[in-house]
Amino acid sequence: MHADERLLPDSKTHLQGLIGKEKYPIAYKFQIQNLQKDKKTILMSDGHRLFTNYKDIYFSGRIHEQISPSLKEIGGEIRESNVNLLHLGYSYTGEKEKQKNDRNRYLLKKMVKEEPENAYAHYTLGQFFALNGKHNQAIKHYKKAYQLHQLPADMTVSLLNVMAEELFKVKDLHTCQKYVEKSIDKVKTQVGGYYLLYKLAEHRKEYSRAIQHLNKILINSAIINKSGKQISTDVIIEKDRVLFTIANLYYKQKNRELAYKNFVQAYSYNNKSNYLKKAFQLAIELGDSKKFESLFELQTSFDQKDIHFLHNIGINLIKKGFHKFALKSYKSILNIEPNNRLALKRAAGLYAKLSNRKKAAQLVHKLQNLSKSAQ
């Protein structure tokens, strides 16, 4: 492991199961969770972090050292594993980040200077520039790495995708698409390339095509989850995020029914309140009481942060004449804050409209007692 990597506790048993079993040249891939600067976002990658103590396996490169070239030379085997590491290096900020960048820049430039025809050296220097927002410099070294035709097949596909990503950032969309198509031609069951095609289509406001690419991501993600990645650096995008994006694209096309359906599907995979809020807003726009019913049944509980949203939903439902469902909204608020005066007042009015005068009177009485105790 690298100095800035940590073995996750639930991987200890998996790691112990791999040690000391093999005598011939084998390297195991570990899954790496790369913590980003916001200390919340995790981007996944993998790398060879365990290999047999075999005399002809060695690291190459001044930085981002690799054992795979030497393993390939002796006909060694690469295997998958269930071991997970947490990588802290991308989360560094301030002086620690500066020190790491200065060191990496020096070593990578030195490696390229010493080995100008080394594709991996150009690839890693390109990655450094990309991470630091130097898009044109990244593209220059990515292109050189690609032209040298030295990288193994899966790394070449990764190179095509990261190069296309940088080209997208500098608005060279035609060349970006060309490299993405080359990537997908080499490995059709991937996510990264189709994500870039989605970004291109969305940028061009080709929303139907963008939705097609997102649906392809859903299909490929299911295959990858079952059978594994063909590209070690391929990205995995959570299903709910893809569905949420599809829903927003349908909304841009004014297809509210399909937008609603995908917001609900996104929520069914991950109970994020934002997904449910979008679905509620669409149900109000569509004026569909059955949708209100199903949404209130779908949400098991609201919390403090949802109170403002529930007030807005209640107001909109009252305006549309859906008093029964507006009452559910205010009752949800009262489950969170039993003494919320605005919710008590509106709920009392709604009970009266729905001819439940007894319940309305109880809430009015509670409001009066709250007012007296406040005096």
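Using just its DSSP H runs of length 4 or more, each adding -39500 (n - 2.57), the chain gives a mean residue ellipticity at 222 nm of -20000 deg cm²/dmol after division by all residues. Ignoring aspartates and glutamates fewer than eight residues from K23 along the same chain, the ones with Cα atoms less than 19 angstrom from its Cα are D56, E73, E77, E80.
Using the Cβ-Cβ distance between D4 and E115 with R0 set to 30 Å, the FRET efficiency from 1/(1 + (r/R0)^6) comes to roughly 0.75. Simple rule: put +1 on each Lys or Arg Cβ and -1 on each Asp or Glu Cβ in the stretch 256-374, find the dipole, and look at I333, S373, G321; the Cα lying farthest toward the positive end is S373. Cross-link check: pairs K143/K199; K98/K134; K205/K229; K186/K216 evaluated at a Cα-Cα cut-off of 19 Å; pairs beyond the cut-off: K143/K199; K205/K229.
The angle between the Cα long axis of helix 289-298 and the longest principal axis of the Cα atoms of the chain comes to about 60 degrees, rounded to the nearest 10. Can you tell which of Y194, Y269, Y24 shows the greatest fluctuation in a Gaussian network model of the chain with Cα springs below 10 Å? Looking only at Y194, Y269, Y24, the biggest GNM fluctuation is shown by Y24.
Quote the convex hull volume per residue of the stretch 283-329, based on C-alpha atoms, as a whole number of Å³.
65
Distances between every pair of Cα atoms in the stretch 136-195, grouped in 10 Å steps from 0 to the bin holding the largest one, split as 25, 58, 17 percent.
For the stretch 220-310, what is the Kirkwood hydrodynamic radius in Å, using each pair of distinct C-alpha atoms? Let's see the in-between values first.
Details: mean 1/r = 0.0694 Å⁻¹.
Over the stretch 220-310, the inverse of the mean reciprocal pair distance is 14.4 Å.
Note on K12: lysines with a C-alpha under 17 Å away, same-chain residues under 8 apart excluded, are K21, K29. From the Cα gyration tensor of the stretch 266-310, with a ≥ b ≥ c the square roots of its eigenvalues, which class applies: rounded if a/c is under 1.5, or else prolate if a/b is larger than b/c, or else oblate? Prolate, since a/c reaches 1.5 and a/b exceeds b/c. The mean sequence distance of close C-alpha pairs (under 8 Å, at least 6 residues apart), as a share of the length of the stretch 198-283, puts its relative contact order at 22 percent. Relative to the longest principal axis of the Cα atoms of the chain, helix 273-286 runs at roughly 50 degrees.
As an equivalent ellipsoid, the stretch 256-374 spans semi-axes of 28, 16, 10 angstrom, where each value is the square root of five times an eigenvalue of the C-alpha gyration tensor, largest first. For the chain, the residue among M111, N262, G133 whose Cα projects farthest onto the positive side of the dipole built from Cβ charges is N262. Remark: relative contact order (the chain) = 9 percent; criterion is Cα-Cα distance under 8 angstrom and separation of 6 or more residues. Only Lys, Arg, Asp and Glu carry charge here, each on its Cβ (+1 for the first two, -1 for the last two); on that basis the chain has a dipole of about 2020 debye about its Cα centre. For the chain, the alpha carbon positions stretch 86, 46, 40 Å along the principal axes, listed from largest to smallest. Against the chain, whose longest principal axis comes from its Cα atoms, helix 239-252 is set at around 60 degrees. Given a cut-off of 22 Å, what percent of all Cα-Cα pairs of the stretch 74-144 lie beyond it? More than 22 Å apart: 40 percent of the Cα pairs in the stretch 74-144. Residues whose amide H lies under 5 Å from that of R49, counting only those 5 or more places away or on a different chain, are Y28, F30; hydrogens are built 1.01 Å from N in the peptide plane. A straight line joining the Cα centroids of the stretch 302-336 and the stretch 146-207 runs 46 Å. Taking Cα centre as origin and charging only the Cβ of basic (Lys, Arg, +1) and acidic (Asp, Glu, -1) residues, the dipole magnitude of the stretch 187-345 rounds to 340 debye.
Bear in mind that the values in this text are calculations on the coordinates, not laboratory data. Worth saying up front: this structure is predicted, and the values here are computed from it rather than measured. Neighbour counts are summed over all protein chains in view; Cβ atoms, including those assigned to glycine, are modelled from backbone coordinates with ideal geometry.
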